[in-house]
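Visitor: Below is a structure I'd like to ask you about.
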Amino acid sequence: MSERPLLAFRRITKSFGAVRALRGVDLEVRAGEVHALLGENGAGKSTLIKVATGAHAPDSGVIELAGETLERLDPALARRRGIACIYQQPALFPELSVAENLALRLEPAAGWRRVAWAERHRVALALLARIGAEIDPGREVGTLSMPEQQLVEIASAIGAGARVVIMDEPTASLTRREQERLFGIVNALRREGVAVIYISHRLEEILALADRVTVLRDGQSVASRLRAEVDEATLIRLMVGRDVAQLYPPSESAPGAVRLALRGLCCRSAGGRPVSFEVRAGEVYGLAGLVGAGRTELARTLFGLTPADAGELWIDGERVTIGSPQAAIAHGIAYVPEDRRRHGVVLELPIEQNVSLAAWRRLFPLGWLRRDRERSEAREFVRALAIRTPDTETATANLSGGNQQKVALARWLATRPRVLLLDEPTQGVDVGAKSEIHRLVRRFAAEGMAVVLISSDLPEILGMSDRIGVMRGGELAAELPGGAGATQVMSAALGQPVEGTAA
Ligand SMILES: Nc1ncnc2c1ncn2[C@@H]1O[C@H](COP(=O)(O)OP(=O)(O)OP(=O)(O)O)[C@@H](O)[C@H]1O
Ligand SMILES: [Mg+2]
């Protein structure tokens with residue numbers, strides 16, 4: 001690892017109106033190092049990398065690459081100079097093959113259609129092999145999973161001679177295996193002398209992967225340390241400025257009557273299988289399982305997105321049919337989806353309108369909008385969830401990713417549902433906000449909500465659940481008490497025998 005930085009940010013500032021997103025950030029990244037960037041939601045991480053990729057022009061400050069100051073950086077120039085960013089949702093052409101997509105990126109535009117197929121295939125194969133990705137270059141990109149498309153993006157960055165590869169929360173929706181594969185690739189990039197900037201809210205990931213860690217707080221870099229110098233508690237303190245109790249709030253109330261009951265419920269036409277369980281008022285029912293075990297599909301059926309075509313659904317002792325999300329909302333079911341950008345919030349609308357959107361009937365019983373009521377409700381959530389924004393009139397699109405996630409949560413909590421379905425509610429959320437969300441979920445449960453919590457974060461499932469349903473292959477493989485251990489849950493998720501249960 002060389003000591004001279006390959007990429008240096010010098011006194012970078014960037015404001016959006018009154019919001020000072022970056023206030024003089026200094027950051028040095030060396031060749032052959034994995035440099036983790038962390039900080040609370042809204043600290044300025046994504047903004048900083050958008051400056052490096054030329055997507056945002058800084059108000060002041062400069063970027064140096066290998067000692068040379070890059071003037072007026074734009075996306076095309078950044079790419080040409082070897083700065084690449086891997087996005088969670090890659091921008092590839094779905095109807096073209098992997099090899100064609102790579103060729104499009106790497107071959108000069110004019111000669112694109114004339115190049116020999118065999119040669120193109122060979123180049124793609126070599127690039128994919130270099131990062132250890134086993135993907136057939138002949139496959140149509142549309143048939144690849146998102147993580148596989150990410151690998152194609154990485155291959156394309158390497159092929160284009162990237163010297164700096166930036167990853168902004170790349171593992172947010174990866175299975176454990178895909179995650180391990182990505183880590184292998186990050187290590188391969190490091191060996192090739194590439195500088196990797198890695199953004200994540202998962203501290204264990206950062207501790208496992210990074211050579212150096214920089215913490216951003218309020219648009220400033222507050223510390224830059226070698227991996228060996230930090231542990232999880234140090235990182236949290238640097239990030240939040242105080243200690244955050246990693247303890248889960250205890251269950252305060254005895255569960256009441258059965259609120260939600262599924263009896264062989266499923267959407268056959270969407271490939272679902274019958275599922276039965278009950279959730280009581282005041283109970284948090286954790287749904288564990290591997291990614292792909294059918295948890296999100298079940299939530300979508302409960303919310304009427306893929307309506308059930310078999311089995312029964314009961315709410316508060318009444319049999320109901322949920323044929324659409326409107327019907328679900330009318331019956332007091334709320335769903336905070338995993339993919340918040342597509343389904344969770346309306347990005348163009350202000351925070352306050354997102355909060356009142358689904359809660360119209362509760363907030364405005366007389367039927368007409370009251371701005372003051374809407375605003376005070378939104379302000380309450382902004383405070384409770386520590387949503388980082390100048391005011392509640394700000395468009396949700398202008399918030400950082402994690403803060404958008406909190407708006408999605410507020411939107412559905414505001415409906416005061418009887419049944420709350422949460423799908424990965426703390427993904428992409430910083431450690432401080434995560435514990436606020438846990439407290440809020442507990443509080444709403446104590447007020448009588450039945451909560452179904454889907455999470456791939458095992459400590460979260462174990463810490464929050466009164467009971468745990470483990471799904472596997474679209475079915476409920478086991479039901480465990482809240483005090484179950486991690487190994488019990490994992491065994492059930494993997495289809496191994498679990499002691500002390502009738503699976
Ligand atoms: N296009 C924009 N318009 C207005 N404000 C913006 C815009 N982009 C970012 N901001 C603001 O800049 C600040 C920094 O946001 P940024 O997205 O960089 O945070 P982040 O550290 O990536 O957070 P997260 O962990 O939630 O992704 C936030 O206050 C955000 O609301
Ligand atoms: Mg971000």
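Visitor: State whether one or more residues within region 61-80 are of a type in the set (D, E, K, R), under 24 Å from LEU128 (Cβ atoms) and away from ligand 2 (no atom under 16 Å from the Cβ). Steps first, please.
Guide: At the first step, the residues of region 61-80 found to be of a type in the set (D, E, K, R) are 64, 68, 71-72, 74, 79-80.
After this cut, where a residue has to be under 24 Å from LEU128 (Cβ atoms) as well, the list is 79-80.
Going one step further and asking which of them are away from ligand 2 (no atom under 16 Å from the Cβ), we end up with 79-80.
Yes, some residue in region 61-80 is of a type in the set (D, E, K, R), under 24 Å from LEU128 (Cβ atoms) and away from ligand 2 (no atom under 16 Å from the Cβ).
Visitor: Give the residues of region 382-423 that are within 23 Å of LYS45 (Cβ to Cβ) and among the hydrophobic types (A, V, I, L, M, F, W, C), sorted by residue number.
Guide: Let us first name the residues in region 382-423 that are within 23 Å of LYS45 (Cβ to Cβ), namely 382, 385-391, 394-410.
Passing the criteria: VAL382, LEU385, ALA386, ILE387, ALA395, ALA397, LEU399, VAL407, ALA408, LEU409, ALA410.
Visitor: Six or more apart or on different chains, Cβ atoms under 6 Å: show the pairs whose first residue is in region 470-490 and in contact (Cβ under 8 Å) with a residue 60 or more places away in the chain and whose second is polar (S, T, N, Q).
Guide: Taking only residues 6 or more apart or on different chains, the pairs are GLY482/SER465.
Visitor: Of all the residues that make up region 384-400, how many are exposed (fewer than 13 other Cβ atoms within 10 Å of the Cβ) and more than 16 Å from ligand 1 (Cβ to nearest atom)?
Guide: Residues meeting the conditions: 0.
Visitor: For LEU420, only one of the following conditions fails: (1) under 25 Å from SER455 (Cα atoms); (2) more than 16 Å from ligand 2 (Cβ to nearest atom); (3) touching an Asp or Glu at 6+ places or on another chain (Cβ under 8 Å); (4) not basic (Lys, Arg). What is its number?
Guide: Failing condition for LEU420: (3).
Visitor: Determine which member of the set ALA395, ALA433 is touching a residue at least 60 places away in the same chain (Cβ under 8 Å) and closer than 24 Å to SER15 by Cα. Let's see the steps before the verdict.
Guide: Details: ALA395 fails: touching a residue at least 60 places away in the same chain (Cβ under 8 Å).
The match here is ALA433.
Visitor: Now for a different question. Looking at GLU348, GLU338, can you tell me which residue is among the acidic types (Asp, Glu) and modelled with pLDDT of 85 or more?
Guide: Values: GLU338 fails: modelled with pLDDT of 85 or more.
Exactly one of GLU348, GLU338 is among the acidic types (Asp, Glu) and modelled with pLDDT of 85 or more, namely GLU348.
Visitor: Let me ask you something else. Give me the helices (runs of 4 or more DSSP H) completely within region 128-232, filtered to those with at least 1 residues that are within 16 Å of ligand 2 (Cβ to nearest atom) and either touching a strand residue (DSSP E or B) at 6+ places or on another chain (Cβ under 7 Å) or not assigned by TED's automatic domain parsing to the domain that holds ALA18 (or both), ordered by residue number. Spell out how you get there, then give the answer.
Guide: Working: elements: 146-159, 176-191, 203-209.
The qualifying helices (runs of 4 or more DSSP H) are 203-209.
Visitor: Go through the residues of region 35-57 one by one and say whether even a single one is closer than 27 Å to LEU226 by Cβ, basic (Lys, Arg) and without any contact (Cβ under 8 Å) to a residue 24 or more places away in the chain. Before you say what the answer is, go through the steps one by one.
Guide: Within region 35-57, the first condition is being closer than 27 Å to LEU226 by Cβ, and the residues that meet it are 35-53.
Subset that is basic (Lys, Arg): 45, 50.
Still in the running and without any contact (Cβ under 8 Å) to a residue 24 or more places away in the chain: 50.
Within region 35-57, one or more residues are closer than 27 Å to LEU226 by Cβ, basic (Lys, Arg) and without any contact (Cβ under 8 Å) to a residue 24 or more places away in the chain.
Visitor: Please tell me if ALA76 is surrounded by 14 or more Cβ atoms within 10 Å (Cβ to Cβ) and either among the hydrophobic types (A, V, I, L, M, F, W, C) or farther than 30 Å from ALA126 by Cα (or both).
Guide: Numbers: surrounded by 14 or more Cβ atoms within 10 Å (Cβ to Cβ): no; either among the hydrophobic types (A, V, I, L, M, F, W, C) or farther than 30 Å from ALA126 by Cα (or both): yes.
So ALA76 fails the test.
The values are calculated or read from the model by the stated rules, or taken from the named source; none is laboratory data. None of these values were measured; they are calculated from a predicted model. Glycine also receives a Cβ, built like all others from the backbone with ideal geometry; neighbour counts cover every protein chain displayed.
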